[in-house]
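Here is the structure we will look at.
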Amino acid sequence: MSNPTTSAADFLPAHRSLSALREAASACRGCALYQDATQTVFGEGRRDARAVFIGEQPGDEEDLAGRPFVGPAGRLLDRAMAEAGIDRKAAYITNAVKHFKWEPRGKRRIHKKPQDREIKACKPWLVNEIELIRPQVVVCLGVTAATAAFGKAVRLKDYRGHFVQTPLSDATFVTTHPSALLRLPDEELRQLEYRRFVEDLRLVQSRLA
Ligand code: URA
Ligand code: SF4
């Protein structure tokens with residue numbers, strides 16, 4: 001049974017290293033989301049990464065692979081990072097919520113937005129990842145990641161494209177989520193918004209350079 005008052009904090013290991021956190025997170029039951037997911041998808045990347053990228057939650061492919069951003073959104077992110085001159089292998093990539101939340105539609109599993117209480121329950125993993133890595137920049141991809149970073153609901157347009165101080169990092173950068181680009185119905189608009197996303201990532205790259 002899941003107890004709604006628990007959070008990931010109840011599952012943190014005594015010794016805090018990335019591998020110990022990853023191991024502990026694989027058994028997390030800090031909210032109900034573990035019940036319908038295949039596995040925990042923990043962050044991935046270098047311990048000495050200068051930039052941490054935070055997505056929302058794993059998608060269908062990530063849930064099956066056990067790795068963040070390996071599906072369609074991840075491929076778009078790869079392409080945009082490469083265009084902006086950011087080496088994905090030199091970054092650390094994670095999610096605000098570490099289990100895939102979904103609902104069935106026919107035979108497919110459709111992404112379902114995590115609630116604020118799930119973002120909050122999962123936040124101890126994120127906080128500890130960032131405390132260990134101490135990156136120069138934390139990049140929030142979309143509103144769920146930004147909500148986790150600010151510790152409150154925020155609107156993308158209020159912060160997009162700027163470095164701001166949050167409880168998570170002195171240099172928190174907010175931009176759109178690659179999945180939001182994939183959902184745009186119009187090809188022309190999609191191109192335009194993709195360019196804007198790459199421009200945002202270039203600002204991150206200049207800050208790192
Ligand atoms: N979308 C996310 O926010 N994270 C992933 O890992 C994949 C898709
Ligand atoms: Fe734990 Fe986060 Fe998974 Fe909830 S979503 S069970 S808090 S790892």
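We did not get these values from a lab; they are worked out from the coordinates using the rules stated. On a predicted model such as this, the values are computed, not experimentally measured, just so you know. No Cβ is skipped: glycine too gets one built from the backbone with ideal geometry, and neighbour counts run over all protein chains shown.
Checked against the criterion of being crowded, with 17+ Cβ neighbours inside 10 Å and under 24 Å from residue 81 (Cβ atoms), the candidates 121, 145 yield just one match: 145. If you scan region 15-56, which residues turn out to be among the charged types (D, E, K, R) and either without any contact (Cβ under 8 Å) to a residue 12 or more places away in the chain or away from ligand 1 (no atom under 16 Å from the Cβ) (or both)? Within region 15-56, 16, 23, 29, 36, 46, 47, 48, 50 meet the criteria.
Taking the numbered list (1) of a type outside the set (S, T, N, Q); (2) assigned to a helix (DSSP H, G or I); (3) within 16 Å of ligand 2 (Cβ to nearest atom); (4) within 26 Å of residue 207 (Cα to Cα) in turn, residue 68 passes all entries but (2). Restricting 204, 174 to those that are closer than 26 Å to residue 131 by Cβ and part of a strand (DSSP E or B) reduces the list to 174. Might you let me know whether region 120-134 holds any residue that is under 19 Å from residue 71 (Cβ atoms) and away from ligand 2 (no atom under 12 Å from the Cβ)? So far as region 120-134 goes, no, none of its residues is under 19 Å from residue 71 (Cβ atoms) and away from ligand 2 (no atom under 12 Å from the Cβ).
For residue 47, the requirement of being more than 10 Å from ligand 2 (Cβ to nearest atom), over 16 Å from the mean Cα position of the chain (by Cα) and of a type outside the set (Val, Ile, Thr) is met. If you go through region 171-209 and keep only what is under 20 Å from residue 86 (Cα atoms), of a type in the set (D, E, K, R) and surrounded by fewer than 17 Cβ atoms within 10 Å (Cβ to Cβ), you end up with 193, 195, 196, 199, 202, 207.
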